[in-house]
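Working notes, beginning with the structure itself.
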């Protein structure tokens, strides 16, 4: 029998960008937890991800998932200098806001708010969009992320200059590039293989 | 569809081992080489992603030719000529297929991201735009599997927020399994990452 698109359970569709926790419902059948082999578990990297429908769907190509997950962790969590964690998350949130990935934006806006302590500024990014005034350093990071996210990419020397003037060194600028680029990968998977669902009626 | 002759990793001529380094033009010992070395897993696992998606030990449901054809189209939609040329060289001697991909790229070209939001407060930000289906002649030359894939790739590259469950049905109808669609989606989403890392690092290289 050919594969089919899943029937979705009744759910509330989020209609705003939010820092609330959202659920994500797959449109295609994830792997069943009991069918995950050692190779699939290696692909998941963290065993806890076996609970996530998103990661169990991506586990259908375990080698691709494993490499992607390990790249993700280094780009966002590597503590060796460069861009502070909060601002890597800001680049991810800005990219997600601009591409229109409500689910991705919720996760990374939450993380950006937690690590920066600037929940109000992060919320302005969600509410007003990528043109919100967040102070020059954050504006420069958002503008660079957005320019790189356009298709074709419009990131240029002026963005590098502005990031430098905002105090970023070369490694930090490379971190902005990799964080925004990575969310051009993540957004497309989350937007095209399933959809967000509000929990307890929030954001709907 | 004519099958191209694939150039495997072992026949590469003059390439660095790392595809992103090769496409950016990062020389060993350069300032950018040192910057990339500070994020060693990002570098090695970007490369491992490339290998998992384009040189898998078992190509399973997607032929190597299909994988590289997808890449040439996605890079073309980004206007990323050097990246497209890289994947085109991997496609090998696929003359008729390359002509069909070029025709599709010309038909599908545009700028992104655009698309609609779920009806509500965000509707004021809706930016409706074209939905691409390969034209009759191009679709025939691509064959049904790649024609369905290219329609989906245009969605993913230029207006991913327009995706809905129904957008997957033409892929299933053309014989793509759920697992194939996961891999196709990974290829179609990895390339926008790789292309932007290359584009961004090239700009940075010019400013060091």
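When the criteria are applied in full, residue A:94 meets the requirement of being over 29 Å from residue A:29 (Cα atoms) and assigned to a helix (DSSP H, G or I). Checking A:57, A:22, A:28, A:65 one by one, the residue that is facing another protein chain (nearest Cβ under 7 Å), surrounded by 15 or more Cβ atoms within 10 Å (Cβ to Cβ), under 20 Å from the mean Cα position of the chain (by Cα) and at pLDDT 95 or above is A:57 and no other. Is there a residue being within 15 Å of residue A:192 (Cβ to Cβ) and more than 7 Å from chain A (Cβ to nearest Cβ) anywhere in segment B:100-113? Among the residues of segment B:100-113, not one is within 15 Å of residue A:192 (Cβ to Cβ) and more than 7 Å from chain A (Cβ to nearest Cβ), which makes the answer no. Taking segment B:173-194 as the range and being within 15 Å of the chain's Cα centre (by Cα) and either on the phi > 0 side of the Ramachandran plot or facing chain A (nearest Cβ under 7 Å) (or both) as the test, the residues that pass are B:181, B:182, B:183, B:185, B:186, B:188, B:189, B:190, B:192, B:193.
Scanning segment B:153-172 for residues that are more than 8 Å from chain A (Cβ to nearest Cβ) and in contact with a helix residue (DSSP H, G or I) (Cβ under 8 Å, 6 or more places away or on another chain) returns B:153, B:154, B:162, B:170, B:171.
Candidates A:50, A:42, A:71: the one that is farther than 24 Å from residue B:62 by Cβ and assigned to a helix (DSSP H, G or I) is A:50.
Of the helices (runs of 4 or more DSSP H) lying entirely inside segment B:115-208, those carrying at least 3 residues that are surrounded by 21 or more Cβ atoms within 10 Å (Cβ to Cβ) are B:144-158, B:178-205.
Entry remark, segment A:74-86: residues being out of contact with any helix residue (DSSP H, G or I) (no Cβ under 7 Å at 6 or more places or on another chain) and at the interface with chain B (Cβ under 7 Å from one of its Cβ atoms) number 2 in total.
The values are calculated or read from the model by the stated rules, or taken from the named source; none is laboratory data. Quick caveat, the model's predicted, so the values are computed rather than measured. Positions of Cβ are backbone-derived with ideal geometry, glycine not excepted, and every protein chain shown enters the neighbour counts.
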